[in-house]
Amino acid sequence: MLSGELRTLVLESALLEGNPLGDPWLRELPVYLPPHGRDVPLIAVLAGYGSVGASALVGTPWEPSFPARYEQLLAEGKAAPAAFVFPDAFTRFGGSQYLNSVTTGRYQDHLVDEVFPFVEQECGVGGRRERRGLMGRSSGGFGALRAALDRPDRFAALASHAGDAYFELGYKPDFGRLLEMLDRYGSLAAFVAAFEQAQHKSTPMFLAMGVLAMASVYSPDLSQPLGVALPFDPHTGRLDEAVWARWLEHDPVTRAQRDGARLADYRLVYLDAGRQDEYHLQFGARQVAAALRAHGVRVVHEEFDGGHRGTSHRYEVSLPLITRALA
């Protein structure tokens, strides 16, 4: 049983209404409010690819939910009081990376300009930059870092757990998955239809859909099928250097090298990744941390024994840091 309060708000998003993929513009917005007071910071917890914010509320006896994990830290005096919102940025392709795209919709604007003001008004939490934070795992970690870099005036702390970075290692190995699906089904549209109809989404299908989802936000092109420019030739698999260059502009390594100074006054910039990460994101985290430090950013960077999945326990490291940074 939780000591705090879980509320489920419904946000009618003017920014997502009429989005190109026809995804819902009415979004459920779970919010956790701590016990004993509402004058607390507000932190967005961003879900990874293929998931929604509400998934963090589900726990088991072996794996506590996010609120249960946080309340244990609060009871032990390790974390400070804070409220949390769990946004839903799911798309037909499995996720938006919390970015704006002409192909998927304005999901970063939705997060920054709709979710935070709406929850602050409804719940009386947050309210100013020094009381707002971002955190997430995998694509959620990417989204947290990107929102901080793109809108540094709106937040004061971030924690990125195994956030997508160094695309050369993280994404290229899965390009063959989508190529195989194109060979099998004949087109992007036919693959998407097969994916949506499949009762069981196999691992190869899931990984292929992930490549399509990334292309929909890193290289959107409304003149192409499904509004997506692929970073490779769909028949030969040969890398399309021009499209790939568009992807690299979104790589946190590139962004940290170019824009890292924007985070120089952040109260917390936390990065981590497992030493056995299946997407090799520990190497991207090392590069992002180095690039940010070159800009004078105070970075907490950690590595741990483990892979990419099943790492919710890492929130036990970042939650004390981010809640106290915003307290």
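The values are calculated or read from the model by the stated rules, or taken from the named source; none is laboratory data. Fair warning: this is a prediction, and the values are worked out from it, not measured in the lab. Positions of Cβ are generated from backbone atoms using ideal geometry, with glycine treated the same way; all protein chains shown enter the neighbour counts.
The set of residues from segment 94-114 being crowded, with 20+ Cβ neighbours inside 10 Å, in contact with a Pro (Cβ under 7 Å, 6 or more places away or on another chain) and either part of a strand (DSSP E or B) or of a type outside the set (S, T, N, Q) (or both) comprises SER101, GLY105, LEU111. Each residue in segment 117-134 was checked for being of a type outside the set (A, V, I, L, M), crowded, with 24+ Cβ neighbours inside 10 Å and within 17 Å of ARG7 (Cβ to Cβ), and 1 pass. Among the candidates GLU196, GLU180, the residue that is at pLDDT 95 or above, more than 23 Å from the chain's Cα centre (by Cα), charged (D, E, K, R) and not assigned by TED's automatic domain parsing to the domain that holds PRO81 is uniquely GLU180.
Kindly provide the set of residues from segment 300-327 that are of a type in the set (D, E, K, R) and either surrounded by 17 or more Cβ atoms within 10 Å (Cβ to Cβ) or more than 26 Å from VAL40 (Cα to Cα) (or both), ordered by number. Passing the criteria: GLU302, GLU303, ASP305, ARG309, ARG314.
Across segment 60-91, the qualifying residues are those that are under 27 Å from MET209 (Cβ atoms) and modelled with pLDDT under 95, and the one among them that is surrounded by the fewest Cβ atoms within 10 Å (Cβ to Cβ) is THR60. Scanning segment 34-59 for residues that are within 17 Å of GLY136 (Cα to Cα) and loosely packed, with under 14 Cβ neighbours inside 10 Å yields a count of 1. Is it true that ALA273 is more than 21 Å from the chain's Cα centre (by Cα) and either within 18 Å of GLY163 (Cα to Cα) or not assigned by TED's automatic domain parsing to the domain that holds PHE175 (or both)? Criteria not met by ALA273. Among the candidates PRO117, PRO67, which residue alone is without any contact (Cβ under 8 Å) to a residue 24 or more places away in the chain, closer than 20 Å to THR323 by Cα, in a helix (DSSP H, G or I) and not charged (D, E, K, R)? After applying the criteria, what remains is PRO117. The set of residues in segment 131-183 that are part of a helix (DSSP H, G or I), over 15 Å from TYR49 (Cβ atoms) and among the small types (Gly, Ala, Ser) comprises ALA147, ALA148, GLY176.
The residues listed here are ALA245, ALA261; of these, the one that is within 30 Å of PRO41 (Cα to Cα) and aliphatic (A, V, I, L, M) is ALA261.
Within segment 279-292, residues that are in the same structural domain as GLN257 (by TED's automatic domain parsing) reach partners that are of a type in the set (Lys, Arg) with beta carbons closer than 6 Å, at six or more positions or on different chains, in the pairs GLN282/ARG275. Candidates ASP183, ASP153: the one that is more than 16 Å from ILE322 (Cα to Cα), out of contact with any strand residue (DSSP E or B) (no Cβ under 6 Å at 6 or more places or on another chain) and free of Cβ contacts under 8 Å to residues at least 24 places away in the same chain is ASP183. Among the candidates LEU42, LEU26, LEU21, LEU74, the residue that is closer than 21 Å to PHE195 by Cβ, of a type in the set (A, V, I, L, M) and over 16 Å from the mean Cα position of the chain (by Cα) is uniquely LEU21. For segment 1-26, name all the residues that are in a loop (DSSP other than H, G, I, E, B), under 21 Å from PHE93 (Cα atoms) and touching a strand residue (DSSP E or B) at 6+ places or on another chain (Cβ under 8 Å). Across segment 1-26, the qualifying residues are SER13, LEU15, LEU16, ASN19, PRO20, LEU21, ASP23, TRP25.
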